Structure formats: C-alpha cells, structure tokens
Amino acid sequence: MAKWTPKHEAPEPLEGPVVATIIGGTIVWFVLFLVQLPFYGWFDEHGHTWWVWTCLAGGGLGFIGIWYVRRRDAAIRRTQAEETDAEAGRASSAPTD
C-alpha cells in the first residue's frame, strides 16, 4: 500500500497566552491537592491515594512547565528583537541616492 500524504499545508501553530495557561493549570493541580489532603484517610481506606499524589505530581510538573515556557517566550522575544535590530541596521546602512 502506498503511504498517504496530505495535499494541503499544515496550519500555523496556535500561539496564545501560554505562560498564563500553564500557571492556571498549575494552580488548579495544587488546589486539588490541598482540597484532597484533609481527606487523605478516606482516600487511603478506599485505595485512591494515587489521586492525591497525582495532583501533587501535576503541580510539580506545572512548575517545570512554567520555567520552560517563560524561557521559551524570552527566547522568542530575544530572537524577534535581534531580527528587528538587524533589519533596522540594514535599512539605515542602505545607500541613498
């Protein structure tokens, strides 16, 4: 069988408030952890302690995500600034007749 290849262009990546989204998700995970913590005994009796630890892991991974997307956004802004400076430098050094 022949491998199917798409006939259209891939869409541009969706960019939005990535840092705010990751921070919001991290807050939700930690709030869920804190809400479940007083009921740890119930979770333990019913064999659902993994719910509590999943929320804590989600919050911890959220911190890694915040660190990552903040550095990514800073790198994107830095690259855009360098490109803008390079274009401005080329425009100012262009000969005028």
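Points worth noting:
- Subset of segment 39-97 (residues that are farther than 30 Å from Trp29 by Cα and either among the charged types (D, E, K, R) or touching a helix residue (DSSP H, G or I) at 6+ places or on another chain (Cβ under 6 Å) (or both)): Arg78, Glu82, Glu83, Asp85, Glu87, Arg90, Asp97
- Neighbours by Cβ (under 6 Å, 6+ apart or cross-chain): first from segment 25-39, farther than 16 Å from Trp50 by Cβ; second at pLDDT 95 or above: Gly25/Gly62; Thr26/Gly59; Thr26/Gly62; Phe30/Gly59
- Considering residues of segment 43-97 that are among the basic types (Lys, Arg) and within 28 Å of Ile23 (Cβ to Cβ) only, the residue surrounded by the most Cβ atoms within 10 Å (Cβ to Cβ): Arg70
- Failed item in (1) farther than 30 Å from Arg71 by Cβ; (2) in contact (Cβ under 8 Å) with a residue 40 or more places away in the chain, with Trp50 passing the rest: (2)
The values are calculated or read from the model by the stated rules, or taken from the named source; none is laboratory data. Given the structure is predicted, the values throughout are model-derived calculations rather than measurements. Here the Cβ is made from the backbone with ideal geometry for all residues, glycine too, and neighbour counts use every protein chain on show.
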